[in-house]
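Asker: Attaching a single structure in C-alpha cells format; questions to follow.
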Amino acid sequence: MTTVPLKLFNSLTRKLEEFQPVHPGVPGDPAQPPEARVYTCGPTVYNYPHIGNMRAYVFADVLGRTLSWKGYKLTHVINITDVGHLTDDADAGEDKMEKMAAEKAQSIWDIAKHYTEAYWADVKALNIRQPAQWSVATDYIEEMLDFAKQIALKHCYELDSGLYFDVSTVEDYGRLARAVTDEGEGRIEAVEGKRNAADFAIWRKTPPGEKRQMEWDSPWGRGAPGWHLECSVMGGKLLGFPFDIHTGGIDHREIHHPNEIAQNQAFCCTDGLGVAENSGARIWMHNNFLVERSGKMSKSAGEFLRLQLLIDKGYHPLAYRMMCLQAHYRSELEFSWEGLGAALTRLKRMVMAVEPLRDAEASDPSHPKFAPMREKFAAAISDDLGTPIALTALEEALAVKKVDAGIKRAVIDDMEAVLGLNLFGLTRVDLRIRPKDAQITEAEIEDALARRKAARAEKDFATSDSIRDELTTMGVEVMDGDPLGWEWKLG
Ligand code: AMP
Ligand code: ZN
C-alpha cells in the first residue's frame, strides 16, 4: 500500500499543509521514532460539558489516533481550566468558576472536582483515548508567574485591575483571527486604561476589599492568572516550544489563541509570526461548531444538551461519536434527534457486520480484496482527517464477502484504530434505544415477547395480539422481521 502523507489544515496559514514533525526521530531506529506533540484546550470545569464541547475532544481524539496510526509517538496534553476563564473570553465579566461556586455555595475545588469527573465520564463514554497528561491549571501557578515575569518588562503594563499584555509589542497580532479592524474584536469590552482594545490580562488583581476563593501572591499583587496565560504555560512546559499541533474549537481562533500566540511570541523572543515556531505551535487546528436550533446547546438553558441527556433518552453515547465522524471536523454540524437516530442505526449495522468476526484472530490485512478500501481509507484520513469518507471505506470493507475472517478482522481493526467506534466491544443489545423514564424494564419486555412467541407457536393469535397491544400501551413497538434485528423499540 502506498503511504500517503498526512495533510492538515493550519488555521494560521488557512492552508492544507503536510505534517512535518518538530521531532522527526532517527529514521530506521525504532528506539527513536518520529514524535507528534499535541496540546488541546480543555474544558473550564464550572459546569457539565455540552455535546458541542465534546465534539472538540472527539476531533482531537481522531487527530491523536491518526498520528499514532501513522507511526508517530504521540504526546497529547489536554488541560483542565479550573481558574481564570471569565464569562466573556476577552477580559470581561466574572470568573466562571468563582461565579458557579457562589451560586452553589460550594468551594471552587469541589466544583472543579465534580465537573472534571463528569467531563472524564463523557470522555470515556465517547471512547476518547486518555491523553498522556491532563494538566490542571492551578498546578502551574508558579510556572505562570515565571512566564509572566519573563515577558512583563517588554510586553506588559500594569493597571489597577491587573497586568495587561500590550498586543502592539508583537508582530502581526491577530493574524490567526484575521480580524478586520485594528481595534480588535467588537466583543472586547473596554477596561479603563488599556492601550489597545485587544490588550488582555495576564494577571488579574483581586479588587481591594474583596477576597477570591482562588488567589495567589504575585509581583503585581494578590490575584489570579489570566486564562490565556495558562495554556501558553502548560503547552510550553509540557511539550516544549515549538510543539507540533495546538487544537481547540473555532471560537478560540478569535481571541484565546491569538492571545496565546502573542504571549508565545513574546516568550520565544524572536522575530514575529513570520517564523511559525514563534507562535508556540507549528499547526493550529480548529473544529467547527455543533449547532442546535432551539438553543438547547446553551448551558444557561434548563435542560441543555449533555451527553447524559442523550443517554437518558435511550441513545448509546457512541451514536454521538458516529454523528461527529459523519461530518468533517471543519464543517458545522447540526444536531437533531433524527440525525442521532440515523447515526445509531448506522453504528448498529456495523456492529452486526462485525459479529461473525468477533472470535477471529486478526492476521495480515494486506489482501488484494481489501486494497481499494484500505487505499481509500488512508487517502481520506490523510486528507485533513476525512472521517466521512473513511466511514464509507469501512463499510465497503465490511461488505466484502467470502474472505478469511482473520484478514477481515485485521482490516477492520486497523480502521477502528483511527475511528474508535468500539465495534468489537458493542453488541446489538447495547445499542437498543432504552429511555431512562420507560415504564417497563427490558426483562419484562423480553418476558412478554417470549410469552407471545409461545402463543404464536400454539397458533393462539388472540393471546399473541393482546400481548402486543399491552406492550404498545407501555410504549414498546414490536418489530417483527425487522431487517436490523431490533425486535422491539421503546418509543
Ligand atoms: P470551554 O469549556 O467553554 O472552554 O469549551 C471547551 C471546548 O469546546 C473548546 O475547545 C471550545 O472551543 C469548544 N466548543 C464550545 N462550543 C462548541 C460547539 N457548540 N461545538 C463545538 N465545539 C465547541
Ligand atoms: Zn486554551
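Asker: If I model a spin label at ASP364 and ARG178 as a point 7 Å from the Cα along the Cα→Cβ vector, what separation in nanometres do I get?
Answerer: A separation of 4.8 nm, rounded to one decimal place.
Asker: Tell me, what HN-Hα J-couplings in whole Hz come from the Karplus equation 6.51 cos²θ - 1.76 cosθ + 1.60 at θ = phi - 60° for each residue of region 336-344, using x for Gly and Pro?
Answerer: After applying 6.51 cos²θ - 1.76 cosθ + 1.60, I find 8, 5, 5, x, 5, x, 5, 5, 5 Hz.
Asker: So if we plug the beta-carbon distance of ASP469 and LYS402 into 1/(1 + (r/R0)^6) with R0 = 45 Å, what FRET efficiency do we get, rounded to 0.05?
Answerer: Result of the calculation: an efficiency of 0.50.
Asker: Show me, for region 202-217, the HN-Hα J-couplings you get by feeding each phi into the Karplus relation (A = 6.51, B = -1.76, C = 1.60, θ = phi - 60°), rounded to Hz, glycine and proline as x.
Answerer: 8, 9, 10, 6, 6, x, x, x, 9, 10, 9, 5, 10, 8, 9, 6
Asker: Tell me, in nm to one decimal, what length is gained between ALA121 and TRP486 on full extension, where the rule is 0.36 nm per residue of separation less the Cα-Cα distance? Write down the numbers at each step before the final one.
Answerer: Numbers: separation 365, 0.36 × 365 = 131.40 nm, distance 2.74 nm.
Roughly 128.7 nm would be gained on extension.
Asker: With +1 on each Lys and Arg Cβ and -1 on each Asp and Glu Cβ, and nothing else charged, work out how big the dipole of the chain is about its Cα centre, in Debye to the nearest 20.
Answerer: 1180
Asker: While we're looking at this one, here's another question. What lysines could a cross-link reach from LYS376, if we take a straight Cα to Cα line under 18 Å and drop same-chain neighbours fewer than 8 places away?
Answerer: In chain and number order, the partners are LYS7, LYS70, LYS408.
Asker: Let me ask another. Name the residue farthest towards the positive end of the dipole of the chain from the options LEU290, TYR115, GLY236, assuming +1 on Cβ of Lys and Arg, -1 on Cβ of Asp and Glu, about the Cα centre.
Answerer: LEU290
Asker: OK, next. Give the angle, between 0 and 90 degrees and rounded to the nearest 10, that separates the Cα long axis of helix 141-155 from the longest principal axis of the Cα atoms of the chain.
Answerer: Compared with the principal axis, the helix lies near 50 degrees.
Asker: Classify the chain from the C-alpha gyration tensor, please: rounded if a/c falls under 1.5, else prolate or oblate depending on whether a/b exceeds b/c.
Answerer: Here the chain falls in the oblate category.
Asker: Stokes-Einstein diffusion coefficient for region 433-490 at 10 °C in a medium of 1.306 mPa s, Rh from the Kirkwood formula over Cα pairs: what value in µm²/s?
Answerer: Calculated translational D: 136 µm²/s.
Asker: Go through LYS113/LYS436; LYS96/LYS211; LYS348/LYS489; LYS348/LYS436; LYS369/LYS402; LYS154/LYS194 and tell me which ones have a Cα-Cα distance over 18 Å in this structure.
Answerer: LYS113/LYS436; LYS348/LYS436
Asker: Same structure again: Just tell me which aspartates and glutamates come within less than 17 Å, Cα to Cα, of LYS237; anything on the same chain fewer than 8 places away is out.
Answerer: Within the straight-line cut-off, LYS237 pairs with GLU35, ASP139, GLU142, GLU143, ASP146, GLU260, GLU277.
Asker: Which percentage, to the nearest 5, of the DSSP beta bridges contained in the chain is antiparallel?
Answerer: Numbers: 21 of 44 bridges.
Close to 50 percent.
Asker: Mind pulling the angle between the C-alpha long axis of helix 51-69 and the longest principal axis of the chain? Nearest 10 degrees, somewhere in 0 to 90.
Answerer: The helix 51-69 is inclined about 90 degrees to the chain.
Asker: What is the order of VAL233, VAL4, fewest Cβ neighbours within 10 Å to most?
Answerer: Working: VAL233 27, VAL4 15.
Ordered by Cβ neighbours within 10 Å, fewest first: VAL4, VAL233.
Asker: List the residues, sorted by chain then number, that are 5 or more residues from TRP488 or on another chain and whose placed amide H is less than 5 Å from its amide H.
Answerer: Distant-sequence amide H within range of TRP488: MET479.
Asker: If I fit a long axis through the Cα atoms of helix 108-125 and take the longest principal axis of the Cα atoms of the chain, what angle between them do I get, 0 to 90°, rounded to 10?
Answerer: Taking the Cα atoms of the chain, the angle to 108-125 is about 40 degrees.
Values quoted throughout were computed directly from the atomic coordinates according to the rules given, and no laboratory measurement underlies them. Predicted model, so just to flag it, every value in this text is computed and none were measured. When we count neighbours, we look across all protein chains shown, and the Cβ atoms used for this are built from the backbone with ideal geometry, even at glycine.
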